[in-house]
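In what follows, a structure is listed as structure tokens, so that the remarks can point back to it.
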């Protein structure tokens, strides 16, 4: 219970990060806005980056929260909230992620107790409760924490099938896998441990044991049927599905331009190709910074121990799937720590089991308990301190919110503002207050007079240059006519913080020194007449 309460506190603290700015975490705004047609019966979200069901889930959850809120205060309809209180709907969606992350702690305790008793269960639950990477992603309206819960539950149901094979248990595991895949497509990777579970459960010998059984086929069929039933427009709007698949495949797995030389030996080109992948990043950043140094060092021993006799099906499946999943995400050139988040509960369980085995070498029972407590404390110090630093930071007002408030107080109604900083997508642009118009500038355009521009807003960031970097030539041409009015900075000094450069998320992943709030450096200027 203490682990669940402590985990909940760390996941709920700072949940309002960035709000009322609705672009604080990429995709949050889009996921909510694209549910606009659901109340009227239009169930096609028309954006298949996430499965259809994830949009249905967020909409259903937000409607449920609004129904509860209506019991004690006047609450507008969902469609009205989309246009007048989008930030509130995003907050409610984040609450679902935080509650899912907290519930996963309780689920891990229940599974851990079945696997190795109360000591293992308690240790695993505590390690997950204080895991910084899992805490961080429990703050976002994204499917990672739901996927983590789905991975854990699906592997457990497969382990139960191995312990007592049967058609019913195979179908139940398939149901869990279908639901997990309907939350995020990565769930389809669970079909690999489905096959392994069939091998482990088989009574055949030799090569015949390696052939998929009828139960494996049943589990797979149920998983696919549930997934497609929950995501009908993947078939009904198949053209969009294919287009999304092509773009996503290129974005996630295609080699980046210039990373692989066109000439040279096969060995040198292969080395360049592997060097551009994320294997090292997930080890040295995602795992090391997200779970702590000691957890990272313990993981190889935990993985090896899972395959030693006597083998527990849950541990074998968890270890095998962890290795496979690390291979899949490591093969991508995308460097995002949240790709590792769904694996965290399984990693924690494996490490907790290894620590319990280490403690059992102590002869005195009281000594074993002290050893477990000491090991848990040692592994928790780094990630918990990092989680607290993160929660404190996101509790401060985003620099873009401060800029919007300043403009609301100081800019005259009818002001026309040019925003400079986003090169391709206006992900990080500060929102303008009511009564202020945005000038529809083309990238790099310097003729602001044709739009009647009265003010210019820029946003800049030292590391997130793909998302906050005004074009140098454009800014240089405009500078003689810009009169500084206000600046809002997240930094006390530079350089500061370590950010994920491929994610437009303006909170450091680690090393928070010198950063006091989320957001880029926002500067507001008056645009002077010629």
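Structural remarks
- Size of region 113-234 as Cα extents on the principal axes (Å, biggest first): 45, 45, 22
- Normalised contact order of the chain, rounded percent, pairs of Cα under 8 Å and 6 or more residues apart: 16 percent
- Modelled FRET efficiency - R0 51 Å, residue 253 with residue 472, Cβ distances, 0.05 increments: 0.95
- Contact order relative to length of region 399-527, as percent, for alpha carbon pairs under 8 angstrom and 6 or more apart: 30 percent
- Here the label points at residue 378 and residue 284, each 7 Å from Cα along the C-beta direction, are separated by 2.5 nm in the simple model.
- Here region 362-393 is scanned for amide nitrogen atoms under 20 Å from the site 7 Å beyond the Cα of residue 9 along Cα-to-Cβ, giving 373-374, 376-393.
- Overall shape of the chain was characterised from the C-alpha gyration tensor. The equivalent ellipsoid obtained from it has semi-axes of 44, 26, 25 Å, in decreasing order.
- Degrees, to the nearest 10: 167-183 long Cα axis against longest axis of the chain: 10 degrees
- For region 319-377, Kirkwood radius (reciprocal of mean inverse C-alpha pair distance, Å): 13.4 Å
- Global geometry of region 348-394, whether rounded, prolate or oblate, following the gyration tensor of its Cα atoms and the 1.5 cut on a/c: prolate
- Highest mean packing first, where packing is the average number of other Cβ atoms within 10 Å per residue, the peptides 113-125, 434-446, 148-160 line up as 148-160, 113-125, 434-446.
- By definition, a body whose alpha carbon gyration tensor gives a ≥ b ≥ c is prolate when a/c is 1.5 or more and a/b is larger than b/c, and region 1-113 fits this prolate description.
- Cα radius of gyration and Dmax for region 73-168 (Å): 17.6, 53
- Region 394-457: Cα Rg divided by the 2.2 N^0.38 Å rule of thumb: 1.15
- Once you reduce region 357-436 and region 307-352 to the center of their Cα atoms, the two points are 25 Å from each other.
- Value of [θ]222 nm, deg cm²/dmol, for the chain, DSSP H segments ≥ 4, -39500 (n - 2.57) each, nearest 500: -17500 deg cm²/dmol
- Calculated Rg and Dmax of region 277-357 using C-alpha coordinates, Å: 12.3, 38
- Ratio Rg/Rh [Cα only; Rh per Kirkwood] for region 456-515: 1.02
- On Cα atoms only, tilt of 86-129 relative to the major axis of the chain in degrees: 20 degrees
- Efficiency of FRET between residue 513 and residue 224 - r from beta-carbon atoms, R0 60 angstrom, step 0.05: 0.80
- For region 143-216: relative contact order, % (alpha-carbon pairs under 8 angstrom, 6 or more apart): 34 percent
- Acute angle (nearest 10 degrees) that the helix 313-330 long axis makes with the longest principal axis of the chain, alpha-carbon atoms: 30 degrees
- If you wrap the tightest convex hull around every Cα atom of region 165-241 and split its volume per residue, you get 86 Å³.
- Protection proxy ranking, peptides 397-408, 224-235, average beta carbon neighbours within 10 Å, highest first: 397-408, 224-235
- One equal scatterer on each Cα of region 399-527, no solvent, Debye formula: the resulting log10 I(q)/I(0) at q = 0.09, 0.20, 0.21 Å⁻¹ is -0.25, -1.15, -1.24.
- Most simply put, the chain has about 70% antiparallel DSSP beta bridges, counting only bridges with both residues inside it.
- Spin-label model distance (nm) - residue 328 vs residue 2, 7 Å beyond Cα toward Cβ: 3.7 nm
- Sorted on the mean count of surrounding Cβ atoms within 10 Å across their residues, most packed first, peptides 275-285, 78-88 read 275-285, 78-88.
Bear in mind these aren't lab numbers, they're just calculated from the coordinates by the rules spelled out. Note that the coordinates shown come from a computational prediction; the quantities given were computed from them, not determined experimentally. All Cβ positions, even for glycine, are placed from backbone atoms using ideal geometry, and neighbour counts span all protein chains on display.
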